[in-house]
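Accompanying notes for the structure given below.
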């Protein structure tokens, strides 16, 4: 069941990405980008990476959508058709995708018992957490202590993005009114 759900989410991600590439209305692109972020967050939840899923949902679907909608309010509503098409971007994307897939071929299967993280890092955290930190929840101990700087970085990114949204929204109304007054 979990494998079927994972495959379904991946198919939905690919379909959403292709739709984003084909749509010319920028509002639809923003909404589809939010859908893509939420699908990614669901995939992270399936992989038991709830902290990453939360960050993806907050930044990817929430804050990014607000920023892109603010940008659309200040610019055009639809994308202009390109005068000519180039195959170079497609070649770069295909090459990069191929290199990324090649780089994952020797990785252990997800959740494999013989993976290095299961043999070395995980048992080490389980054994040392009560002695080192004296926190009963190992996940909290890992996020707050062992990976404290990483968690601080994630919180800083979310805070900075939220602050940017607040600053943009606070000046957005004035700019829109000035633009409408200038057009009249």
Q: Scan region 16-38 for residues that are exposed (fewer than 13 other Cβ atoms within 10 Å of the Cβ) and without any contact (Cβ under 8 Å) to a residue 40 or more places away in the chain and report the count.
A: 3
Q. Residues of region 143-152 being under 22 Å from the mean Cα position of the chain (by Cα) and either under 14 Å from residue 51 (Cα atoms) or surrounded by 14 or more Cβ atoms within 10 Å (Cβ to Cβ) (or both), which ones?
A. 143, 144, 147, 148, 150, 151, 152
**Q.** Lone unmet requirement of (1) within 30 Å of residue 151 (Cβ to Cβ); (2) not in a helix (DSSP H, G or I) for residue 81
**A.** (1)
Q) What are the residue pairs meeting all of these: first residue in region 76-97, first residue touching a residue at least 40 places away in the same chain (Cβ under 8 Å), second residue surrounded by 10 or more Cβ atoms within 10 Å (Cβ to Cβ) and assigned to a loop (DSSP other than H, G, I, E, B), Cβ atoms under 6 Å, and 6 or more apart or on different chains? A) 78/24; 79/24
Q | Odd one out for residue 94 among (1) in a helix (DSSP H, G or I); (2) within 30 Å of residue 178 (Cα to Cα) | A | (2)
Q.
Looking only at region 44-54, filter to residues that are closer than 20 Å to residue 151 by Cα and touching a residue at least 24 places away in the same chain (Cβ under 8 Å); which one of those is nearest to the chain's Cα centre (by Cα)?
A. 51
Q: Can you run down the residue pairs with Cβ atoms below 7 Å, 6 or more apart or on separate chains, where the first is in region 118-132 and at negative phi and touching a residue at least 12 places away in the same chain (Cβ under 8 Å) and the partner is surrounded by 13 or more Cβ atoms within 10 Å (Cβ to Cβ) and outside any helix (DSSP H, G or I)?
A: 129/135
Q. Yes or no: residue 92 modelled with pLDDT of 85 or more and either touching a helix residue (DSSP H, G or I) at 6+ places or on another chain (Cβ under 9 Å) or within 21 Å of residue 147 (Cα to Cα) (or both)?
A. no
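The values are calculated or read from the model by the stated rules, or taken from the named source; none is laboratory data. What you are looking at is a predicted structure, and each value in this text was computed from that prediction instead of being measured. FYI the Cβ positions are ideal-geometry reconstructions off the backbone, even for glycines, and counts take in every protein chain you see.
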